[in-house]
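Asker: I am attaching a structure below and will ask some questions about it afterwards.
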């Protein structure tokens with residue numbers, strides 16, 4: 001019997017167990033339920049009927065529109081903030097960052113409740129603009145998740161690259177589009193993935209701002225509460241594939257851009 | 001000694017198997033004395049005690065009622081005094097009937113639970129319940145407070161409901177009951193408008209009314225709108241089997257009806273403020289909405305809250321017909337497991353909750369109406385008088401006398417009358433003890449079969465989803 005020897009590789013074990021128990025196994029269960037019928041036979045009818053039902057596709061489109069809008073607005077708001085914070089010559093840079101991330105310390109239902117009252121004050125009746133209110137509340141909710149990764153990638157940005165751009169005669173818009181933006185793509189991508197999926201599924205926000213139209217998350221919830229595990233799991237699986245697809249595409253874009261950089 | 005790997009495994013295995021059993025047998029002696037009762041109830045659905053001193057209820061006959069401790073803790077003490085046996089209540093809560101059902105079917109074990117009528121029927125149909133014992137129904141025993149005190153009206157409603165040829169009375173003991181209606185702001189909504197379900201479609205209240213975000217409550221409102229002409233027809237109302245026919249009409253689930261309901265609900269969705277799960281109560285008080293589909297118990301809560309803010313809200317029950325709902329205690333097979341001591345403790349728990357003073361404590365604390373009318377004790381009626389009886393200095397008083405159906409075996413009798421202020425006939429008193437004329441038009445919403453449920457759930461999804469077709473064509 002050989003003596004037990006500690007190996008650095010074994011440090012990964014706790015996480016591996018966690019991964020298998022709480023990520024891989026539930027995922028397999030979701031896939032199993034998603035592609036079987038209520039008798040347990042493998043079936044693709046649920047899958048097919050999802051894509052042929054105009055109401056289901058409508059929900060997918062509705063969630064997508066919300067998610068894209070929220071992500072784009074978050075990005076437009078967060079990028080200048082993150083840039084100024086990262087590049088500005090402030091003494092306590094991180095304290096300023098804290099101010100922007102501070103809302104995350106308060107429970108989000110509490111924050112949305114407060115925002116709801118402010119919006120009611122401004123609009124009079126929230127029920128007239130459910131879509132707009134949803135987007136506003138989600139942007140408010142998810143903005144810190146966009147600022148953080150952008151800030152991190154922009155602080156790491158090599159200043160000499162920007163200076164080189166100016167030295168070669170480029171003006172600020174050109175430096176921004178040709179130097180700063182491409183170099184911060186990893187930050188943008190991680191910010192986008194942090195915001196996009198929650199925006200497609202977080203139906204609590206919709207409930208709270210009185211938007212009675214379902215998004216993908218509410219659809220999953222409603223199927224589960226009527227004991228329809230198969231359809232609920234199917235929609236989770238479709239969302240999963242959707243996000244997976246998105247990640248692959250963005251990865252391709254990033255590696256392509258990095259390839260171009262190397263060529264330069 | 002060199003212990004080999006295999007041996008180590010064996011030792012470990014032995015330890016794993018036998019050590020826990022040692023603990024179990026170690027506790028065995030104690031277990032024989034103490035019964036554990038696992039109770040699962042709705043959130044905030046029992047008196048949790050901790051009342052302020054001024055909350056003491058002092059009835060006219062001198063009875064004082066005060067909630068010092070949690071009622072479940074009080075039960076443990078009472079059970080020991082009464083039966084000489086220790087019982088430990090493990091109390092947990094659930095948020096919706098579906099959540100409770102999921103918990104039970106996914107393996108959580110409870111002895112006693114308190115679902116709503118349709119879920120009781122579903123559990124009965126699936127054979128998951130234990131019937132109450134003959135002992136429980138013996139009215140000659142002093143401590144059988146439920147059988148002695150349950151309202152004859154509730155008992156008769158239970159009698160009309162049966163699943164697999166068995167009566168609901170044998171499997172369930174009622175807890176709270178009420179009617180579905182509207183809380184409304186009398187300054188904004190007229191009494192007449194609030195007395196019909198089509199208030200939900202009324203353009204005058206565009207985006208100012210909420211409807212419940214629950215399939216069954218929304219479905220009921222829409223089906224009542226759908227067959228309004230039929231059920232208000234004079235020949236229909238005057239027919240001798242009116243109540244049965246009303247119940248049949250409001251429980252329809254055929255495809256045409258479901259389609260019609262879907263269309264009505266889509267119209268409603270485009271007219272109401274929102275579908276709400278819990279926000280409606282607060283939104284009534286803050287004035288965001290002017291009417292709100294609500295169960296009577298929550299209505300009382302909302303009205304009380306509004307009173308504190310100096311705002312007067314009212315409650316109405318649609319005249320054409322409404323939903324009679326109740327929650328009741330059922331014993332679960334998987335928990336009781338033919339353990340007689342456990343069943344006795346469970347039945348004692350129901351009886352303790354049904355003792356008039358405890359029923360009053362629960363009513364005071366949660367705002368719902370107990371199914372207990374008191375039997376030979378007049379405490380429940382005294383409490384009603386205590387809450388709503390008009391003082392001598394009140395000027396505009398009325399006699400509210402159509403409540404004999406609830407308190408007395410003789411529904412046409414005239415024994416129970418409360419002199420109250422005029423506004424109470426549209427407010428808390430009306431919500432807690434609706435007059436017999438309203439109750440005659442209330443039907444229980446049945447537990448639908450799986451096929452109908454599928455149809456209704458699908459239609460509900462259709463109502464709530466964004467329709468791509470409408471956008472494209």
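Taken together, the values in this text are just the output of simple stated rules run on the coordinates, not laboratory data. Given the structure is predicted, the values throughout are model-derived calculations rather than measurements. Positions of Cβ are generated from backbone atoms using ideal geometry, with glycine treated the same way; all protein chains shown enter the neighbour counts.
Asker: Tell me, A:19, A:119 in order of fewest to most beta-carbon neighbours within 10 Å?
Answerer: Ranked by crowding around the Cβ, least crowded first: A:19, A:119.
Asker: Could I ask something else about it? Taking every residue in B:451-461, how many Cβ atoms of other protein chains lie within 10 Å of its Cβ, on average?
Answerer: Taking the mean over all residues of the peptide, I get 3.
Asker: Also, I was wondering about something else. If you line up the long axis of helix B:215-226 against the longest principal axis of chain B, both from Cα atoms, how many degrees apart are they, to the nearest 10?
Answerer: 20 degrees
Asker: Taking each residue in B:274-284, count the Cβ atoms of any other chain within 10 Å of its Cβ, then average. What number comes out?
Answerer: 3
Asker: Restricting things to Cα coordinates, could you compute the convex hull volume per residue of region B:276-412 in Å³?
Answerer: Hull volume normalised by residue count: 187 Å³.
Asker: Set the Förster distance to 25 Å, then compute FRET efficiency between residue B:393 and residue B:305 from the Cβ-Cβ distance, nearest 0.05.
Answerer: E(calc), rounded to 0.05, equals 0.45.
Asker: Sticking with this one: Which angle between 0 and 90 degrees, to the nearest 10, do you get for helix B:71-83 versus the longest principal axis of chain B when only C-alpha atoms count?
Answerer: In chain B, helix B:71-83 runs at an angle near 60 degrees to the longest axis.
Asker: Calculate how steeply helix B:450-464 sits against the longest principal axis of the alpha-carbon atoms of chain B, using the helix alpha-carbon long axis, and give the answer as 0 to 90 degrees to the nearest 10.
Answerer: Approximately 60 degrees, to the nearest 10.
Asker: Two decimals is fine: what's Rg over Rh for chain B, C-alpha atoms, Kirkwood radius as Rh?
Answerer: Radius of gyration over Kirkwood radius for chain B works out to 1.03.
Asker: Can you tell me the Rg and the Dmax, both Å, for the Cα atoms in region B:326-473?
Answerer: 22.0, 68
Asker: Moving on to the next point. Which whole number in µm²/s is D for region A:55-263 by Stokes-Einstein, with the Kirkwood Rh taken over Cα pairs at 20 °C and 1.002 mPa s?
Answerer: Taking Rh from Cα pairs, D becomes 112 µm²/s.
Asker: Go ahead and run the numbers for FRET between residue B:93 and residue A:5, Cβ-Cβ distance against an R0 of 51 Å, rounding to 0.05.
Answerer: That pair, residue B:93 with residue A:5, gives E of 0.50.
Asker: Over region B:324-471, what is the mean sequence separation of C-alpha contacts under 8 Å (at least six apart), divided by residue count, expressed as relative contact order in percent?
Answerer: Rounded, it is 19 percent for region B:324-471.
Asker: Okay, next question. Hey, what number do you get for chain A at 222 nm if only DSSP H runs of n ≥ 4 count, each worth -39500 (n - 2.57), divided across all residues, to the nearest 500?
Answerer: It comes out at -23500 deg cm²/dmol, rounded to the nearest 500.
Asker: In a GNM of chain A with a 10 Å cut-off on Cα contacts, which of A:154, A:181, A:64 has the highest mean-square fluctuation?
Answerer: Taking springs between Cα atoms under 10 Å, the residue moving most is A:181.
Asker: By how many nm would the segment from residue A:61 to residue A:92 grow when fully extended, if each residue of separation counts as 0.36 nm and the alpha-carbon distance is taken off?
Answerer: 6.8 nm
Asker: Roughly what % of Cα-Cα distances in the protein assembly as shown sit above 40 Å, to the whole percent?
Answerer: Counting pairs separated by more than 40 Å, the tail of P(r) holds 47 percent.
Asker: Please work out the ratio of the alpha-carbon Rg of region A:69-170 to 2.2 N^0.38 Å and round it to two decimals.
Answerer: Normalised Rg, Cα atoms only: 1.36.
Asker: Let me ask another. Normalised by the number of residues in region A:55-263, what is the relative contact order in percent for Cα pairs under 8 Å and 6+ residues apart?
Answerer: Relative contact order, region A:55-263: 28 percent.
Asker: Counting only helical runs of four or more DSSP H residues, what would the 222 nm mean residue ellipticity of chain B come to if each run contributes -39,500 (n - 2.57) and the total is spread over all its residues?
Answerer: -13000 deg cm²/dmol
Asker: Fewest to most neighbouring Cβ within 10 Å: what's the order for A:41, A:94?
Answerer: Neighbour counts put them in this order, fewest first: A:41, A:94.
Asker: Now, a different point. What is region B:327-393's relative contact order, in percent, from Cα pairs under 8 angstrom and six or more apart in sequence?
Answerer: 20 percent
Asker: Determine how many Å³ per residue the convex hull of the Cα atoms of region A:1-159 encloses.
Answerer: Per residue, the Cα convex hull of region A:1-159 comes to 262 Å³.
Asker: Can you put B:239, A:160, B:155, B:354 in order, fewest other beta carbons within 10 Å first?
Answerer: A:160, B:239, B:155, B:354
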